[in-house]
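Participant: What follows is a single structure, and I will ask about it in a moment.
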Amino acid sequence: MKQDKSVSLLLLLAVILTLVATGTAQATKKKTTPAADPPSTQAPPALEPKALEILKAASDRLASARTLEFTAVETYESPSRQGYPLVYANKTEVTMQRPDKLRVITLGDGPSSEFYYDGKTMTAFAPAENLVAIADAPPTIEAALEAAFHSSGTYFPFTDLIVPDPYRDMLPGLTLAYYVGQSHVVANTTTDIVAFVGNGLFGEMWIGAQDKLPRVIHVLYLDDPAGLRHNLLLSDWKIDPAVQADAFTCSRAASAKRIPFAHPHPEPPPGAKPRVKGKTSKGQ
């Protein structure tokens, strides 16, 4: 009986020593393990400085050019009879001379068209139908494009790139802009990708890291319940090229049948939005 009691005391002592050792080890571990940094409570800025810097650099590069030439390939979705979106495409060859000359030659999934503006008149020519519409125009490219939209529904998806100051027009409506990262795939060059929200759309833009020229613009209109997508691929950029004096007139249109410079159908094409002075309408 005495021996059993001694064994019990020894077992109790062993348990106590084990608990003490375990507690000491845990206390030591707590002291030596670095405390984790508390989660940051500061939200990133809605308008990231880096994103704005990239957008402004692209705007400055375009605005500084007196003459511009580039190719724009637009793809846009339109609902099919089954409700699923079909994709259509247009390709435009653009030549511009500030402040009052513009030529846009469009080859699309429909009939081709040509638009000329020489500072005094704007001409819309349909070669296949041999039809031409001519109207007096304001003295600047920006004002002429706005007049063309309101009078005939004529619009171009690159309009916001050739205004005098794209960044100035874009900035007031921005509510979100952030830097996504870089791509080495688009246009065989390194591009900086910026996403932005404002002026009724969500947009994403790929801009050359070195030359600051836009290569891709992807747009979704926020008020479009179908979420149809619009893309613009930009290539063959020429900054300040020499432009022939007769580049902004069309001799073939002189013998074409005259029609009014007016809306050919009740509604403008999908994605078209009227320009508002001081604001942008990306991806029109």
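Participant: Within the bounds of the range 145-161, is there any residue that is within 22 Å of residue 121 (Cα to Cα), more than 16 Å from the chain's Cα centre (by Cα) and β-branched (Val, Ile, Thr)?
Facilitator: So far as the range 145-161 goes, yes, one or more of its residues are within 22 Å of residue 121 (Cα to Cα), more than 16 Å from the chain's Cα centre (by Cα) and β-branched (Val, Ile, Thr).
Participant: Related question: Would you be able to say whether some residue in the range 144-165 is over 22 Å from residue 106 (Cβ atoms) and either free of Cβ contacts under 8 Å to residues at least 12 places away in the same chain or in contact with a helix residue (DSSP H, G or I) (Cβ under 9 Å, 6 or more places away or on another chain) (or both)?
Facilitator: The answer is yes, given that some residue of the range 144-165 is over 22 Å from residue 106 (Cβ atoms) and either free of Cβ contacts under 8 Å to residues at least 12 places away in the same chain or in contact with a helix residue (DSSP H, G or I) (Cβ under 9 Å, 6 or more places away or on another chain) (or both).
Participant: Which of the following residues is buried (at least 20 other Cβ atoms within 10 Å of the Cβ), among the basic types (Lys, Arg) and under 25 Å from residue 64 (Cα atoms): 215, 168?
Facilitator: Answer to the check: 215.
Participant: For the range 241-248, state whether one or more residues are open to solvent by less than 40 Å² (accessible area, probe 1.4 Å), in a loop (DSSP other than H, G, I, E, B), hydrophobic (A, V, I, L, M, F, W, C) and at pLDDT 95 or above.
Facilitator: Yes, that holds for at least one residue.
The values are calculated or read from the model by the stated rules, or taken from the named source; none is laboratory data. Just so it is clear, the structure is predicted and the values come from calculations on it, not from any experiment. Neighbour counts run over all protein chains shown; Cβ positions are idealised from the backbone, glycine included. Side chains are part of the model used for accessible areas, which takes the heavy atoms of the whole protein and leaves out ligands, DNA and RNA. Shrake-Rupley method; radii C 1.70, N 1.55, O 1.52, S 1.80 Å.
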